[in-house]
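This report concerns only the one structure given below.
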Amino acid sequence: MAQTLYLLFEFASGYGLFEAYGIDEIGQNTDAVQASVVELNRFGKVVKLVAIQPFGSASDALNQCNAVSEGILTDELRNFLELNLPKVKEGKKAKFSLGVSEPKLGSQILEVLRIPCQSNDFVLELLRGVRLHLHTFIKDLKETDLEKAQLGLGHSYSRAKVKFNVNRVDNMIIQAISLLDTLDKDINTFCMRVREWYSWHFPELAKIVNDNYIYSRVAKFVKDKSTLSDDALTELADVTGDEDKAKDIIEAAKASMGQDISPIDLINIEQFAQRVIELSEYRKQLHAYLVSKMQDVAPNLASLIGEMVGARLISHAGSLTNLAKCPASTLQILGAEKALFRALKTRGNTPKYGLIFHSSFIGKASARNKGRISRYLANKCSIASRIDCFSETNTNIFGEKLREQVEERLDFYDKGVAPRKNIDVMKEAIQDVVHENGDAPIVESEKKKMKKKQHMDQMEVDGHEEMVAGEAEEKVEKKKKKKKKDEAGVDVLIEAPSAETEQSKKEKKRAKDPMEIVTENGVTNEELLVSEKKKKKKKKAVSDMDIDSGKENAVNGAHVPEEGKPKKKKKQKVDHDSD
């Protein structure tokens, strides 16, 4: 028996549950289904409406639409499915399946409700037929009302997706830095073309003027070298910015080895040089725009590592949010992916830095400390990017403090000066932010916290002093109790303590003075040691007597017995005498 197939359909006004029956008549062939869904008579015979649940409001519709797109099972959808689908007994398989349009949502339903879901071409074609004939299944729903609901939900859904990127316009930074890199390449190429083109007429100028932008301006000003005279010295000095360089240009023009050039060629060279000059000026404006945008979007990252390097990091990560999600180890080698995978493939040394190599800190560090400072700098960049991304206040104080930390770390590597702790620097930064914003309540709350902390510390000190005094009193009482002995010389305790307290007291005595420990028989360790010393003296005296008797026997010529036997006899005699 074939399983029953239910269809979950999400539309702009609510959820719909449909039952597909008589599937064998159509067959699970996609072409056959496509032909059948167009005809309402055929499609209405195999699909019928089971239940419908409208949304409460436009905001509820937007939330449900976002949840479906992200594959999240909401409470409303869960209750709707539990009420209208057959219940699955525990330990048994379901005799039906649910067709959904989103595979992620289907896996979530299977995990939570244990309802098997499927999402294939056959199910999608059936849902397409439901969408096409929805207004016929629901009698009170008009086609025009459905179109209005779809239009309103579509606008709100698109607006919600774009709204996240309104305040943090990092797309402008990505485009600006990409355009800057492209302009640098193009301007360099165009300037080289101007040099090659104008050097046919004035080759000595290339050696005198090294800067490409100034070279283009000089070429546009000089034009024909034969017309250049000493009268143009002041104007040429304004163009070059150096009077000595202007004199050298005039002297070189008088004795130039270049070829004569026609006026038409000079006009073309002049126009092209003008375009290069405009591109260079626009590049300066774009750089100023990028600096201002970095101060608005990522001020801490810009203060720490610079606007250009920070913008390249954001561009390479894709967005400021993606950069904030990157760990410090990933940020350290961001931009060196090819070198990393090549090193992993060849089992060589992995790269120490990527885009952060262009920072001034890496250049200041010595060769043996470049890897250390790059790792430390990546850590601070990760912190700065997260503050910029998720902080509500727009300030660069944290970036300045992090920059000071990196400089202190450099001094530590070079001179051995101990840097400050990160927690102390962050506390200073927070205080500076509070003072900058002028939030008096926050300052008062901080003062209250400090007073509370001081009060708690004072209480801890007082409690410690009381505890020490109590321990001293206990020691005095214990000594008094030890002095009280009965007639037999055994210690008598006035207050009978518990077994646990006695054991703990014994352990304390062992730790402090092992000679004062009282044994189970009531004899102290000191008495035991004295008795052991007496026994040793007696044994020594006995051994001396044995040695003297042995010498006498040897002198008289008597037979000396074995060492073991006479010793045992004498020991017995000694023991007998002692008894």
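The values are calculated or read from the model by the stated rules, or taken from the named source; none is laboratory data. The structure displayed is predicted, hence computed values, not measured ones. When we count neighbours, we look across all protein chains shown, and the Cβ atoms used for this are built from the backbone with ideal geometry, even at glycine. Side chains included, ligands, DNA and RNA excluded: accessible areas come from the protein's heavy atoms. Shrake-Rupley method; radii C 1.70, N 1.55, O 1.52, S 1.80 Å.
Side notes on the structure shown:
- Over 24 Å apart at the Cα level, from the set K104/K142; K293/K380; K45/K139; K293/K364, are K104/K142; K293/K364.
- Total formal charge among the other residues, if their Cβ is under 12 angstrom from that of S382, Lys/Arg +1 and Asp/Glu -1: +3
- Under 5 Å, built H, 5+ apart or other chain: amide partners of L7: F18, E19, A20, G99
- Lysine pairs in region 167-284 with Cα atoms under 15 Å, if 8 or more residues apart or on separate chains: 7
- Per residue, the convex hull spanned by the alpha carbons of region 52-191 comes to 210 Å³.
- A cut-off under 14 angstrom between Cβ atoms defines the neighbours of D248, and their net charge, with Lys, Arg +1 and Asp, Glu -1, is -1.
- Heavy-atom accessible surface of region 32-184: percent carbon and sulfur, 1.4 Å: 53 percent
- Based on Cα contacts under 8 Å between residues 6+ apart, region 53-182 shows a relative contact order of 21 percent.
- Summed residue charge, Cβ within 15 Å of T189's Cβ, Lys/Arg positive, Asp/Glu negative: +1
- Region 182-315 - accessible surface per residue (Å², probe 1.4 Å): 52 Å²
- When peptides 96-108, 43-55, 309-321 are sorted by average Cβ neighbour count within 10 Å, with the highest value leading, the order is 309-321, 96-108, 43-55.
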